[in-house]
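The values are calculated or read from the model by the stated rules, or taken from the named source; none is laboratory data. Note that the structure is a prediction, hence the values are computed from the model and not measured. So basically every Cβ, Gly included, is an ideal-geometry build from the backbone, and we count neighbours across all protein chains shown.
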Amino acid sequence: MAGPILQAKDLVRTYEVRQGMFGRPSPVRAVDGISLTIMPGETLGIVGESGSGKSTLGRMLLGIDPAQAGEIAFDGQAMPKLGTPQWRALRAKMQLVYQDPLAALDRRLTISAQIAEPLAIHGLVPLEHRQTRVAELMSAVGLRPDQADRYPHELSGGQRQRAVIARALASRPKLLVCDEPVSALDVSIQAQVVNMLRDLQEENHIAMVFISHDLKVVRNIADRVAVMYLGRIVEEASSDVIFQSPLHPYTRALVSSVPVPGRPLKGRTILQGEPPNPANRPSGCAFHPRCPMATDICRTTAPPLRAISADRTAACHLVADSAEPVAA
Ligand SMILES: Nc1ncnc2c1ncn2[C@@H]1O[C@H](COP(=O)(O)OP(=O)(O)O)[C@@H](O)[C@H]1O
Ligand SMILES: [Mg+2]
């Protein structure tokens, strides 16, 4: 069996953030010791509220945001330093798609020119075959041939994101990091773009990290899900396990906030309290001020992420060493 396409160990990223206009800069741990393994062709969903460090983690996995501590291996090789020729060579194999397609595209270039760009930069397709490859890519993402000569502002948001995805696929990546790729799109378009991404990823056997605050979207696409809270993973398991029997109280609250047709609203856990503020990390388990089950140990001691069953890790003092959900 092939090894992981990406392996990250104990990643840490701290930003110096000023609190208020006259405050002194203080360190904010956006990513606080995260380890991940992604197999070829697999989709890992990363969920968590805004500010939990998802985007920082996504950039770190591609080496765009350098890790201050920890290690990343891409396809068995240590991630080269940002901007080096070795890193640039790897960039063809790992691509980022983020929320805002208009910012990702160059407004002065036509759609076809932008999709052709990586083919030229990485010297992937000889000039005489480039137009054919661009046409193939446009068709793969559902853009019409007559849209080739359009400029980004002449397309809808959904079409622009399709163009960004076509460009990301041009270099035949092995890993795609998608950071809230449909969050800026109309709800009616979101499912279309997610389904398209899933089909393309399966056809081309691309591993994907799919970051979203929206669990409905992640459920649709992820094989496995990691739940983040204040820079750490608090639970990780297959998508089915996370959505059907979440264990961590935070995961349970997130999952129960997703409407499921046919499931009654009663019995839902509502997330209480303030959303997480990374500049002011609570003692012990960072989730304890919002946790309906918190006890003394939760206030004083951070729970380590540990294996609960063959397919699940969780960081919670109250979760027993078994696959059974704790009673609420
Ligand atoms: N470039 C930056 N400079 C300073 N702080 C940052 C920067 N990027 C992110 N942060 C902080 O790191 C934390 C995590 O942010 P982010 O990774 O964007 O989370 P998410 O994508 O889950 O919303 C937040 O507190 C955010 O304010
Ligand atoms: Mg983000």
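Within region 24-44, residues that are at positive phi sit with their Cβ atoms under 7 Å from residues that are in a loop (DSSP other than H, G, I, E, B) and surrounded by fewer than 16 Cβ atoms within 10 Å (Cβ to Cβ), at 6+ positions apart or across chains, in these pairs: GLY41/HIS205.
The set of residues from region 92-108 being within 17 Å of LEU6 (Cα to Cα) and free of Cβ contacts under 8 Å to residues at least 40 places away in the same chain is empty. If you go through region 137-163 and keep only what is surrounded by 15 or more Cβ atoms within 10 Å (Cβ to Cβ) and not in a loop (DSSP other than H, G, I, E, B), you end up with LEU137, MET138, ALA140, GLN147, PRO152, GLY157, GLY158, GLN159, ARG160, GLN161, ARG162, ALA163. Listed residues ALA191, ALA226; which is modelled with pLDDT of 95 or more and out of contact with any Lys or Arg (no Cβ under 8 Å at 6 or more places or on another chain)? Result of the check over ALA191, ALA226: ALA226. Scanning region 219-233 for residues being away from ligand 1 (no atom under 13 Å from the Cβ) and of a type in the set (Val, Ile, Thr) gives a total of 2. Is there a residue in region 85-94 that is within 16 Å of ligand 1 (Cβ to nearest atom) and touching a Lys or Arg at 6+ places or on another chain (Cβ under 7 Å)? Checked against the condition, which is being within 16 Å of ligand 1 (Cβ to nearest atom) and touching a Lys or Arg at 6+ places or on another chain (Cβ under 7 Å), region 85-94 yields no hits at all.
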